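First the structure, in the form of structure tokens, and then the observations on it.
The values are calculated or read from the model by the stated rules, or taken from the named source; none is laboratory data. Model, not experiment: these values are computed from the prediction. Quick reminder, even Gly has a Cβ in these numbers, built from the backbone with ideal geometry, and neighbours come from all protein chains shown. Surface accessibility is based on the protein's heavy atoms, side chains included, excluding ligands, DNA and RNA. Shrake-Rupley method; radii C 1.70, N 1.55, O 1.52, S 1.80 Å.
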Amino acid sequence: MSYPKFLPGWETVDQIGKGGFSIVYKIKQTDKSGRDVYSALKVIEIPPDKTLYKRFEIKGYDDATIKRTFKPEVNNIVAKSEIMFKFKGAPNIVNFESHKVVETETGFMVLIKMELLEPLLMYNKRQPLDEGSIVQLGMSI
């Protein structure tokens, strides 16, 4: 399967999650020593539905006005991303690496690059958790 390329130097490897407003991809970059480095990339499209942009066009709004309408939502997502950056290195919180806003034909894409983590259910299949481990995990969270 072929995935879109979002960031220069990074290959999109797999789609690992999807929600109402975003898709999360596993991305890979090969460092100077030849080692593969992986991250997660959350792609948020504003507006999430292209038909919303078209509805504004039908009502006679121009591109600049339509994009100004969506810009506060983009700014809100960026502000939340910057808060995530302040928690970098905190236990039990996914590490935020960077973000980028890309203007598209019909709005914006907010790209949030973060630490790639293994989902708990997949970890549990690979290394089953006993009762003590589950209790310890709950207490650490």
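Considering 50, 67, which residue is among the charged types (D, E, K, R), open to solvent by less than 50 Å² (accessible area, probe 1.4 Å) and under 13 Å from residue 106 (Cβ atoms)? Step through it out loud before you land on a result.
Numbers: 50 fails: open to solvent by less than 50 Å² (accessible area, probe 1.4 Å).
So the residue among 50, 67 that is among the charged types (D, E, K, R), open to solvent by less than 50 Å² (accessible area, probe 1.4 Å) and under 13 Å from residue 106 (Cβ atoms) is 67.
Taking residue 60 as the residue in question, decide whether it is open to solvent by 50 Å² or more (accessible area, probe 1.4 Å), more than 14 Å from residue 114 (Cα to Cα) and not in a strand (DSSP E or B). Talk me through it step by step, then tell me what you get.
On the way: open to solvent by 50 Å² or more (accessible area, probe 1.4 Å): yes; more than 14 Å from residue 114 (Cα to Cα): yes; not in a strand (DSSP E or B): yes.
Against the criterion (open to solvent by 50 Å² or more (accessible area, probe 1.4 Å), more than 14 Å from residue 114 (Cα to Cα) and not in a strand (DSSP E or B)), residue 60 qualifies.
Does any residue in the range 117-141 that is within 26 Å of residue 96 (Cα to Cα) come within less than 6 Å, Cβ to Cβ, of a residue that is open to solvent by less than 90 Å² (accessible area, probe 1.4 Å) six or more places away or on a different chain, and which pairs are these?
Cβ pairs passing all conditions: none.
Of the residues in the range 6-23, how many are surrounded by fewer than 18 Cβ atoms within 10 Å (Cβ to Cβ) and either in a loop (DSSP other than H, G, I, E, B) or basic (Lys, Arg) (or both)?
Result for the range 6-23: 8.
Mind checking whether some residue in the range 74-83 is open to solvent by 70 Å² or more (accessible area, probe 1.4 Å), assigned to a loop (DSSP other than H, G, I, E, B) and of a type outside the set (A, V, I, L, M)? Before you say what the answer is, go through the steps one by one.
Taking the range 74-83 and keeping what is open to solvent by 70 Å² or more (accessible area, probe 1.4 Å), we get 75-76, 80, 82-83.
Checking which are assigned to a loop (DSSP other than H, G, I, E, B) leaves us with none.
There is no residue in the range 74-83 that is open to solvent by 70 Å² or more (accessible area, probe 1.4 Å), assigned to a loop (DSSP other than H, G, I, E, B) and of a type outside the set (A, V, I, L, M).
What pairs come up if the first residue lies in the range 84-109 and is under 19 Å from residue 8 (Cβ atoms) and at pLDDT 90 or above, the second is part of a helix (DSSP H, G or I) and among the hydroxyl-bearing types (Ser, Thr, Tyr), and their beta carbons are under 8 Å apart, counting only those six or more places apart or on different chains?
99/81
Could you tell me whether any residue of the range 32-46 is closer than 29 Å to residue 2 by Cβ, touching a helix residue (DSSP H, G or I) at 6+ places or on another chain (Cβ under 8 Å) and open to solvent by 80 Å² or more (accessible area, probe 1.4 Å)? Before the answer, list the steps.
So the first thing to find is which residues in the range 32-46 are closer than 29 Å to residue 2 by Cβ, and the list is 32-46.
Cutting the leftovers down to touching a helix residue (DSSP H, G or I) at 6+ places or on another chain (Cβ under 8 Å) gives us 44, 46.
Then drop every residue that is not open to solvent by 80 Å² or more (accessible area, probe 1.4 Å), which leaves none.
No: the range 32-46 contains no residue that is closer than 29 Å to residue 2 by Cβ, touching a helix residue (DSSP H, G or I) at 6+ places or on another chain (Cβ under 8 Å) and open to solvent by 80 Å² or more (accessible area, probe 1.4 Å).
Please enumerate the residues belonging to the range 29-57 that are hydroxyl-bearing (Ser, Thr, Tyr) and either free of Cβ contacts under 8 Å to residues at least 40 places away in the same chain or within 28 Å of residue 115 (Cα to Cα) (or both). Show your work before the answer.
Narrowing the range 29-57 to residues hydroxyl-bearing (Ser, Thr, Tyr): 30, 33, 38-39, 51, 53.
Residues satisfying the conditions are 30, 33, 38, 39, 51.
Which is more than 16 Å from residue 6 (Cβ to Cβ), loosely packed, with under 12 Cβ neighbours inside 10 Å and out of contact with any strand residue (DSSP E or B) (no Cβ under 9 Å at 6 or more places or on another chain), of 137, 121? Steps first, please.
Working: 137 fails: loosely packed, with under 12 Cβ neighbours inside 10 Å.
Answer to the check: 121.
Only one of these is assigned to a loop (DSSP other than H, G, I, E, B) and surrounded by 13 or more Cβ atoms within 10 Å (Cβ to Cβ): 26, 88. Name it.
Working: 26 fails: assigned to a loop (DSSP other than H, G, I, E, B).
Exactly one residue qualifies, and that residue is 88.
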